[in-house]
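So the structure is just underneath, and the comments pick up after that.
What follows is calculated from the coordinates using simple rules that are stated; it is not laboratory data. Please read all numbers here as calculations on a predicted model, not as lab measurements. Cβ placement follows ideal geometry from the backbone for every residue including glycine, while neighbour counts extend to all protein chains displayed.
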Amino acid sequence: MRDETPEQPAPLRSGYTTGSCATATSLAAARLLLSGVASDVAEIVLPKGQHVPMPLVFCRLIDGGQGGAEAGTVKDAGDDPDVTHGAVVFARVRLADQPGVRFHAGPGVGTVTRAGLTLPVGEPAINPVPRQMMTAHLNELAAEHGYAGGFEVTIGVENGEALAQKTMNPRLGIVGGLSILGTTGIVRPFSCSAYIASIHQGIDVARANGYRHIAACTGNASEDAMRAYYRLPDMALIEMGDFAGAVLKHLKRAPVDKLSMCGGFGKLSKLAAGHLDLHSRHSSIDLPQLAAWSAQHAASDAALQAAIVGANTSQEALAMARKKGVPLGDIVCARARDVARDIVPASVEVEMFAIDLQGNIIGVAR
């Protein structure tokens, strides 16, 4: 007899950031240089104090030690759908006469080419917290061994340049590979923290490069619509996906002059109802609410209201309303605009655009 499916699914497994991987591998490579001992596991301390043993897939000298040492680990993102899950993150470390830790981008790690990020132009895309983690661990190791010199640390990710094409890095001006990320050292399943961080970075880069009008879009079709409508450059187009709240909340502390939001009718109907996460896991399309809104323009058409409530999809509801002359696209956009206005500073001009499945604009509110 087949086992029954458990009523309570197993909890999702957390993983570790590329910053944690870089810390473990740089520590192991440096320890090999200072002690002569190659490790199978490197134990690191995360920013909140957790001790984590990270298994290594290699730890070896380069050219007998003349070229330093290198160590690698397989990135384990747990149950999060992280683009870097399963990639080998590695560090190459050389000893230096000058004290301190200097970071370099190895194969698969990008370089910052635009202002607006937390790192200066020209720096390897190794974010501040991973730098702090590596520096703290290497300084402690140096003290243990009575070593007064410094470290040259190169971080790489196998196949990182190709993987980076699946991220926001090219649009952010991070060229040549991935970013080494992490603030806690831990990847929470489906927290989407890296994606949200890329949204914030996209806004910051646009602002730093003089763009005061940005368009936040839910996907490729809405982005194409905004590109055609306003002729905005890619740097001013923010790929927000389902995270409308990430855009609106960030504009509280990093405002622009004008925000255009564009998305599919169904997703914007969720925003109109007050949902800031537009993914189906967290919000659903409220057909009775769409019927109630349409009633404000066709109060006597009870048949239309009933048809919308019974519609299979939001697109079907939209088609029914439009056939009766009810501008449901505009109605939804106006309500979504009002939700956004309640969040962003009053100085930010907000407008909404809704598109149909073919990418045509079917609703506008300014």
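Within region 194-223, find all residues whose amide N lies under 11 Å from a label point positioned 7 Å from the Cα of ALA254 along Cα-to-beta-carbon.
Those under the cut-off are 197-209.
So which lysines can LYS166 reach, going by Cα to Cα under 22 Å and dropping same-chain residues fewer than 8 places off?
LYS75
Under a straight-distance cross-link criterion of Cα-Cα below 23 Å, which lysines are reachable from LYS249, leaving out those fewer than 8 residues away in the same chain?
LYS258, LYS267, LYS270
Once amide H atoms are built 1.01 Å from N in the peptide plane, which residues 5 or more positions from ILE126, or in another chain, come under 5 Å H to H?
Here ILE180 satisfy the definition.
Can you tell me the 0 to 90 degree angle between the C-alpha axis of helix 18-35 and the longest principal axis of the chain, rounded to 10?
Taking Cα atoms only, the helix is inclined about 0 degrees.
Expected output is a single nm value to one decimal: the length gained when fully extending between LYS324 and GLN66, i.e. 0.36 nm times separation in residues minus the C-alpha distance. What is it? Please list the in-between numbers first.
Values: separation 258, 0.36 × 258 = 92.88 nm, distance 7.84 nm.
Contour length minus Cα-Cα distance gives 85.0 nm.
Quick one: net charge of MET352's neighbours, Cβ under 13 Å, K/R +1, D/E -1?
Residues close to MET352 contribute a combined charge of +3.
At R0 = 56 Å, how high is the FRET efficiency between ALA208 and ALA306 if r is their beta carbon distance? Nearest 0.05 is fine.
Computed FRET efficiency for ALA208 and ALA306: 0.60.
Working only with C-alpha atoms, what are the Rg and Dmax values of the chain, expressed in angstrom?
25.0, 85
Among the trypsin sites (Lys or Arg not before Pro) in region 216-257, which ones are in a DSSP loop with at most 12 other Cβ atoms within 10 Å of the Cβ? Mind listing them?
Answer in residue order: ARG231.
Can you give me the distance in nm between label points at VAL57 and ARG281, each placed 7 Å from the Cα along the Cα-to-Cβ direction?
Here the modelled spin labels are 2.6 nm apart.
Nothing charged except the Cβ atoms of Lys and Arg (+1) and of Asp and Glu (-1): what's the magnitude of the dipole of region 157-283 about its Cα centre? Round to the nearest 20 debye.
Here region 157-283 has a charge dipole of around 440 debye.
Net charge near GLU223: determine it from the other residues with C-beta under 12 Å of the C-beta of GLU223, scoring Lys and Arg +1 and Asp and Glu -1.
For residues surrounding GLU223, the net value is -1.
Need one number: % antiparallel among DSSP beta bridges in the chain, to the nearest 5.
Here the antiparallel bridges make up roughly 60 percent for the chain.
Taking a point 7 angstrom from the Cα of ASP79 along the C-beta vector, which residues in region 16-30 have backbone N less than 16 Å away?
Once the point is set 7 Å along Cα→Cβ of ASP79, 16 turn out to lie under 16 Å by backbone N, inside region 16-30.
Distance between Cα centroids, region 270-291 to region 111-171: provide it in whole Å.
If we compute the Cα centre of each part, the gap is 40 Å.
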